1. Enter the angle in degrees (range 0 to 90, nearest 10) between the Cα long axis of helix 267-276 and the first principal axis of the Cα atoms of the chain, meaning the one along which they spread out most.
2. So if I take the centroid of the Cα atoms in region 22-63 and the same for region 273-344, what is the distance between those two points in Å?
3. Given the rule -39500 (n - 2.57) for each run of at least 4 DSSP H residues, summed and divided by the residues of the chain, what is its mean residue ellipticity at 222 nm, to the nearest 500 deg cm²/dmol?
4. Given springs between every Cα pair under 10 Å in a Gaussian network model of the chain, which of 21, 220, 212 has the largest fluctuation?
5. With the Cα gyration tensor of region 264-368 in hand, convert its eigenvalues to equivalent ellipsoid semi-axes via √(5λ) and list them largest first in whole Å.
6. Please grab the % of Cα pairs in region 1-131 that end up more than 25 Å from each other.
7. Could you work out the equivalent-ellipsoid semi-axes for region 70-147, taking the square root of 5 times each eigenvalue of the Cα gyration tensor, largest first, in whole Å?
8. In a GNM of the chain with a 10 Å cut-off on Cα contacts, which of 150, 48, 235 has the highest mean-square fluctuation?
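Coordinate-derived values only; no laboratory data. This is a predicted model, so every value here is computed, not measured. Please note: Cβ atoms are built from the backbone with ideal geometry, for glycine as well, and neighbour counts cover all protein chains shown.
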């Protein structure tokens, strides 16, 4: 590691040196760091800007995509005249102009099973700014294998998530993306930004927060978000944190003493649980408009309102949460578990994963309708 900063560098990072616990040696740690950002779009654009501005010494940018008009409201590194150009190359140009004291390496290629391991080995930290499940699971598994910290974020419509995986938490436990979502949803249940939409400022906030986690990892300052998942709701400016635990098997979920972990359950297990545990509560965590379109009954509390209405829920009954695809319901179950609900579960695949016959079967079961 370099032992000193140049006079120009000291001037550039001057405001850092006024921070408590931050000195030239702290800045030199940033300069020695090698960080790979995969994806330079909505999340990657703000993340790259602040990593460069902070002085991360070597930044890798991997992105095979080109700039399109619909990217511009949220991918703030680019302008209208850049349409059709390589995202990775243009992002590299922009952050090089921002900070001349760092080095940039461009990988204008798709990260795949063939090249990901070789790529990740060259860096100290990986930042997941991708927008698809296949890439997220691939990066998670390779970072786990190589013991490389992974700074994760995802966005959906008005809400985003943030966490750090494969880095020891307070109790030295190392968690994985698969401890949040054990497996990818089926292809027909997936939604991307073009299908579901996204508020432009949302990735700006989450990408900036990702950069903040990287700086903490490198400098040792602050508390890394390595045993929790933070969510941010842009509509009400509310943040919440869900404590993560390693996944456990759920084969005994219908018994009187189910495991403490919250897991996905399929329809057959839901029905079996309802027979054995008639006090089971079905909880719909979708928005009101979604419920009006189709419902399988149960109590209705949108996910973003759950913290304010938690006292409505019985702590001694099994609770099965459901949503459109299973993502929000799993987070609801994790939140309930964190609040002391021992029997919190999520319907795998949500209502999108049900066949028409299964939907009719549920709607005809009066026992499931708790409204």
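1. 50
2. That distance is 39 Å.
3. Numbers: 12 runs with 117 residues, N = 371.
Helix contribution divided over all residues of the chain: -9000 deg cm²/dmol.
4. Among 21, 220, 212, the largest GNM mean-square fluctuation belongs to 21.
5. Numbers: eigenvalues 76, 51, 29 Å².
For region 264-368, the semi-axes come out at 19, 16, 12 Å.
6. On the way: 2439 of 8515 pairs.
The calculated P(r) of region 1-131 puts 29 percent of pairs beyond 25 Å.
7. Values: eigenvalues 127, 55, 22 Å².
In descending order, the three semi-axes are 25, 17, 11 Å.
8. Highest fluctuation among the options: 235.
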